[in-house]
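Enquirer: For reference, the structure I am asking about is given below.
The values are calculated or read from the model by the stated rules, or taken from the named source; none is laboratory data. Not measured: the values here are computed from a predicted model. Here the Cβ positions follow ideal geometry from the backbone for every residue, glycine too, while neighbour counts run over all protein chains shown.
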Amino acid sequence: MKTYSGTRVFEGYALGKIAVYSAKKVEKTAGKGKEKEFARFEKAREETVSALEQSFLETLAKLGEKEAQLFETHKLMAQDLDFEDAVKGELENDVSAEYAVMAAGDNLAMIFAQMDDEYMKARVNDVKEVASRIVSFLGEEEGGFVLKEPSIILCDDLPSSELMKLDKEMILGIVFAKGSPNSHVSILTRMMEIPSLCGIEGLEVTPSLQGSFAILDASKGDFIVSPESKTVTAYSKKKDEYEKNKAKLQAYKGKPTLTKDGKSVQIYNNIASSFEVENALRNDAEGIGLFRSEFIYLEAKDYPSEEEQFEHYKRVVEAMGEKQVIIRTLDIGADKKIDYFDLPEEENPALGFRSIRICKARPEIFAAQLQALYRASAYGNLAVMVPMIISESEIKWIHEMAKLARENLAARKLPFNKDMKIGIMVETPAAAIMSDVFAKRVDFFSIGTNDLSQYTLAIDRVNPNLASSFNPHHRAICRLIKLATENAHAAGIPIGICGELARDEKLLPFFLKIGVDELSVSPAYTLSLRAQIATIDTKDVDVDSFIS
Amino acid sequence: MKSFTYVIKDKEGIHARPAGIVVAEAKKFASTVSITNKGKTADLKRIFGVMGLCVKSGEEVSVSIEGADEEAAATALLKTFQENL
């Protein structure tokens, strides 16, 4: 039994045999003369074009015109004269058609990779996919990747045309060992609601895994190869419950979130990338309570520009329409490291140089982010929250920086919402204890329960030796949450909870009773939380039992 | 020669899908069709050329058509831009 973990593409469970998909490897080999090789290329291209026409029709039937159009675009790429010229150029070196096609595809992909536009960068995959599709038709053997029985597909990456060719009934789940949640195939996977993960650390896709039994827990992010029988039994039960529950929960879509006694609360979602916003919308989130902006920094090779950040923020804000989107400013350091930040090694990183502290030391990073956020604020209902606050002077500094950002944009004649809400995270005991003072200076609070718990209890939450002592239900934590909530409301500002604890079954009645305004959870938990809240009568909740 | 200018309204700019649609439309005609944006010109029948311009929302493109069927091509292409971008 071996467990791997990865990034969620679409939640859900799958248990079954692995079907390995591997793309053909192309070596640099000599061809049989450029005329002959070009003729082979032409024939393979023709076959590719007609296969893409089939994929277009299949996708049109399954998912509609918008998704199908991409295959039409792929077809035009295959037929493109620049592409053909590039293949001809490669063939001048007497290589095989296979190699010429891959090299031509790689060269064109480079052009996209160098563009200063996130969307265009992602198109590298389209170009490469078209090239490998042509190569697959250059081969001797016929047929291709088919599933003979319901399987979990394991691949480095899967061309979307291959995915659309497969019988959906046969796909239990997909594991993209490499891949990104942002690729075209990932988007299709979500549309088709197939449980899947991508970017699996340490997993090598080898033919030897073919037929091995595996468990995919795409809700948590685990992929378990050759599990023990008791694990299989446990997961089989989990999967059944999940599916039964999922069907039942559909009834809560489009409904407001109310307790049994009619108290209203908002359910927001935590998302880690702009591409996860589709999940939030599908699960009927009432807003985004935590958008982790770090992902933009983690995916980049150098500090992301204002423009690049603006595009990500705008995409989420626009997609959510009138619903609120709370974006958290840069929160790195501690366990999240980025090479180009060149942060010093620390003895005690959780208590060290992180988030707002880095921003204060390097204000140009924070300035670029604030400008990007203000620009995106013109396109919807955007609010910004700053993590790791401990003092009033930090809040004062944030407001000064916000003023500078507004002045910068006004001078550049760019639109922005000058009243964009700025809030802080309450995730240090200092912030909770000082919340009466802070509440008068900011527009909202959001409690980060993971850090608040670890700092209050002085227990490293990732230390396995302390896992049993780490009690997030500790009364000290509940007292701090209650204190912050009362102080927020006294100052007339809303308060939300965006940590893991927001959907904690035991604490949920307490949160509702003290009047937390918003609970922010992963998209997959939205409807189940709404269902659970509907069963709670706050009149029956005894607050004292949680704090004394 | 016929030509027209058009301001891109699609919020993603000329991205893969609409690029495919306009290129497919241009290819239906015998005339040569070119598209210019920010001083760079590309053949509107070549998708890599068109996407390579990296045209963003709010930017203006000019399209020129030259050939026997330029009249019909100009009408059809303008309509395609209006409907898809």
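Let's see how each residue does on (1) touching a helix residue (DSSP H, G or I) at 6+ places or on another chain (Cβ under 8 Å); (2) among the hydrophobic types (A, V, I, L, M, F, W, C); (3) part of a loop (DSSP other than H, G, I, E, B); (4) surrounded by fewer than 21 Cβ atoms within 10 Å (Cβ to Cβ):
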{"position": "A:D261", "(1), (2), (3), (4)": "yes, no, yes, yes"}
{"position": "A:N269", "(1), (2), (3), (4)": "yes, no, no, no"}
{"position": "A:V277", "(1), (2), (3), (4)": "yes, yes, no, no"}
{"position": "A:L290", "(1), (2), (3), (4)": "no, yes, no, no"}
{"position": "A:L298", "(1), (2), (3), (4)": "no, yes, no, yes"}
{"position": "A:D302", "(1), (2), (3), (4)": "yes, no, yes, yes"}
{"position": "A:H312", "(1), (2), (3), (4)": "yes, no, no, no"}
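Enquirer: Here is a follow-up. Could you please find all residues in the range B:27-53 being closer than 20 Å to B:T75 by Cα, at the interface with chain A (Cβ under 10 Å from one of its Cβ atoms) and either in contact with a Lys or Arg (Cβ under 8 Å, 6 or more places away or on another chain) or surrounded by fewer than 18 Cβ atoms within 10 Å (Cβ to Cβ) (or both)?
Expert: B:K27, B:K45
Enquirer: Also, I was wondering about something else. Of all the residues that make up the range A:311-367, how many are within 21 Å of A:N381 (Cβ to Cβ) and among the small types (G, A, S)?
Expert: The total comes to 2.
Enquirer: Right, another one. Among the residues of the range A:55-90, how many are more than 14 Å from chain B (Cβ to nearest Cβ), more than 26 Å from A:G31 (Cα to Cα) and surrounded by 14 or more Cβ atoms within 10 Å (Cβ to Cβ)?
Expert: 2
Enquirer: Could you pull out every one of the strands (runs of 3 or more DSSP E) wholly within the range A:1-60 that has 2 or more residues that are touching a helix residue (DSSP H, G or I) at 6+ places or on another chain (Cβ under 6 Å)?
Expert: Values: elements: A:2-5, A:7-10, A:13-21.
Counting at least 2 such residues, we get A:7-10, A:13-21.
Enquirer: Based on this model, can you work out whether A:E35 counts as at negative phi, out of contact with any Phe, Trp or Tyr (no Cβ under 9 Å at 6 or more places or on another chain), free of Cβ contacts under 8 Å to residues at least 60 places away in the same chain and not β-branched (V, I, T)? First the steps, then the outcome.
Expert: On the way: at negative phi: yes; out of contact with any Phe, Trp or Tyr (no Cβ under 9 Å at 6 or more places or on another chain): yes; free of Cβ contacts under 8 Å to residues at least 60 places away in the same chain: yes; not β-branched (V, I, T): yes.
Yes; evaluated as a whole, the condition is true for this residue.
Enquirer: Another question, if that's okay. State the number of residues belonging to the range A:180-213 that are modelled with pLDDT of 85 or more and under 15 Å from the mean Cα position of the chain (by Cα).
Expert: Of the residues in the range A:180-213, 7 are modelled with pLDDT of 85 or more and under 15 Å from the mean Cα position of the chain (by Cα).
Enquirer: If the requirement is being under 25 Å from A:A319 (Cα atoms) and free of Cβ contacts under 8 Å to residues at least 60 places away in the same chain, which of these qualifies: A:F341, A:F445, A:F438?
Expert: Just a single option satisfies the conditions, and that option is A:F445.
Enquirer: Determine the pairs where a residue that is within 12 Å of chain B (Cβ to nearest Cβ), located within the range A:116-134, has a partner that is part of a loop (DSSP other than H, G, I, E, B) and basic (K, R) with Cβ atoms under 9 Å apart, the partner being 6 or more residues away or on another chain.
Expert: Final answer for the pair search is A:D117/B:K56.
Enquirer: Right, something else. Can you tell me which residue among A:E347, A:E322, A:E364 is assigned to a helix (DSSP H, G or I) and in the same structural domain as A:E400 (by TED's automatic domain parsing)?
Expert: A:E364
Enquirer: Also: Can you spot a residue in the range A:91-109 that is in a helix (DSSP H, G or I), surrounded by fewer than 17 Cβ atoms within 10 Å (Cβ to Cβ), facing chain B (nearest Cβ under 8 Å) and in contact with a helix residue (DSSP H, G or I) (Cβ under 9 Å, 6 or more places away or on another chain)?
Expert: No: zero hits.
Enquirer: Next question. Which one of these does B:V7 not meet: (1) touching a residue at least 40 places away in the same chain (Cβ under 8 Å); (2) exposed (fewer than 15 other Cβ atoms within 10 Å of the Cβ); (3) more than 10 Å from chain A (Cβ to nearest Cβ); (4) within 21 Å of A:L70 (Cβ to Cβ)?
Expert: Condition (4) is where B:V7 drops out.
Enquirer: Given the structure, is B:S64 polar (S, T, N, Q), more than 14 Å from chain A (Cβ to nearest Cβ) and more than 17 Å from B:A16 (Cβ to Cβ)?
Expert: Criteria met by B:S64.
Enquirer: Evaluate the following for B:A24: is it surrounded by 14 or more Cβ atoms within 10 Å (Cβ to Cβ), within 14 Å of another protein chain (Cβ to nearest Cβ) and farther than 23 Å from A:K66 by Cα?
Expert: So B:A24 fails the test.
Enquirer: Shifting gears a bit: Among the residues of the range B:62-72 satisfying the criterion of being crowded, with 18+ Cβ neighbours inside 10 Å and under 13 Å from the mean Cα position of the chain (by Cα), which is nearest to B:G20 (Cα to Cα)?
Expert: By that ranking, first place goes to B:V63.
Enquirer: So, one more: Please find, within the range A:96-112, the residue that is nearest to A:A44 (Cα to Cα) out of those that are out of contact with any Lys or Arg (no Cβ under 6 Å at 6 or more places or on another chain) and of a type in the set (A, V, I, L, M, F, W, C).
Expert: The selected residue is A:V101.
Enquirer: If a residue must be touching a residue at least 40 places away in the same chain (Cβ under 8 Å), under 21 Å from A:M120 (Cβ atoms) and of a type outside the set (D, E, K, R), how many such residues does the range A:53-82 contain?
Expert: 6
Enquirer: Pick out the one residue from A:A476, A:A467, A:A458, A:A490 that is under 28 Å from the mean Cα position of the chain (by Cα) and surrounded by fewer than 22 Cβ atoms within 10 Å (Cβ to Cβ).
Expert: Being under 28 Å from the mean Cα position of the chain (by Cα) and surrounded by fewer than 22 Cβ atoms within 10 Å (Cβ to Cβ) holds for just one of A:A476, A:A467, A:A458, A:A490, which is A:A467.
Enquirer: Please go through the range A:160-174 and pick out each residue that is surrounded by 19 or more Cβ atoms within 10 Å (Cβ to Cβ) and either in contact (Cβ under 8 Å) with a residue 40 or more places away in the chain or not assigned by TED's automatic domain parsing to the domain that holds A:R8 (or both).
Expert: Those that are surrounded by 19 or more Cβ atoms within 10 Å (Cβ to Cβ) and either in contact (Cβ under 8 Å) with a residue 40 or more places away in the chain or not assigned by TED's automatic domain parsing to the domain that holds A:R8 (or both): A:S160, A:S161, A:E162, A:M164, A:L172, A:G173, A:I174.
Enquirer: What about A:A402, is it touching a strand residue (DSSP E or B) at 6+ places or on another chain (Cβ under 7 Å) and farther than 23 Å from A:G499 by Cα?
Expert: Working: touching a strand residue (DSSP E or B) at 6+ places or on another chain (Cβ under 7 Å): yes; farther than 23 Å from A:G499 by Cα: yes.
It is true that A:A402 is touching a strand residue (DSSP E or B) at 6+ places or on another chain (Cβ under 7 Å) and farther than 23 Å from A:G499 by Cα.
Enquirer: Out of curiosity, is A:A44 closer than 17 Å to A:V127 by Cα and in contact (Cβ under 8 Å) with a residue 60 or more places away in the chain? Before you say what the answer is, go through the steps one by one.
Expert: Numbers: closer than 17 Å to A:V127 by Cα: yes; in contact (Cβ under 8 Å) with a residue 60 or more places away in the chain: yes.
For A:A44, the condition - closer than 17 Å to A:V127 by Cα and in contact (Cβ under 8 Å) with a residue 60 or more places away in the chain - is met.
Enquirer: Could you check how many residues of the range A:235-259 are part of a loop (DSSP other than H, G, I, E, B), among the polar types (S, T, N, Q) and surrounded by fewer than 15 Cβ atoms within 10 Å (Cβ to Cβ)? So that I can check it myself, show each step before the final result.
Expert: Within the range A:235-259, the first condition is being part of a loop (DSSP other than H, G, I, E, B), and the residues that meet it are A:253-257, A:259.
Pick out the ones that are also among the polar types (S, T, N, Q) and you get A:257, A:259.
Imposing the further condition that a residue be surrounded by fewer than 15 Cβ atoms within 10 Å (Cβ to Cβ) reduces the set to none.
The total comes to 0.
Enquirer: Among the numbered criteria (1) closer than 23 Å to A:I390 by Cα; (2) in a helix (DSSP H, G or I), which single criterion is violated by A:I493?
Expert: So the condition that A:I493 fails would be (2).
Enquirer: Do we find that B:E59 is over 10 Å from the mean Cα position of the chain (by Cα) and within 13 Å of another protein chain (Cβ to nearest Cβ) in this structure?
Expert: Judged against the criteria, B:E59 is a match.
Enquirer: Restrict the check to the range A:501-518 and report whether at least one residue is without any contact (Cβ under 8 Å) to a residue 12 or more places away in the chain, in a loop (DSSP other than H, G, I, E, B) and either assigned by TED's automatic domain parsing to the domain that holds A:G423 or surrounded by 16 or more Cβ atoms within 10 Å (Cβ to Cβ) (or both).
Expert: no
Enquirer: For the range A:395-437, which positions are assigned to a helix (DSSP H, G or I) and under 23 Å from A:A458 (Cα atoms)?
Expert: Looking only at the range A:395-437, we keep the residues that are assigned to a helix (DSSP H, G or I), and these are A:395-411, A:429-433, A:435-437.
Passing the criteria: A:P429, A:A430, A:A431, A:A432, A:I433, A:S435.
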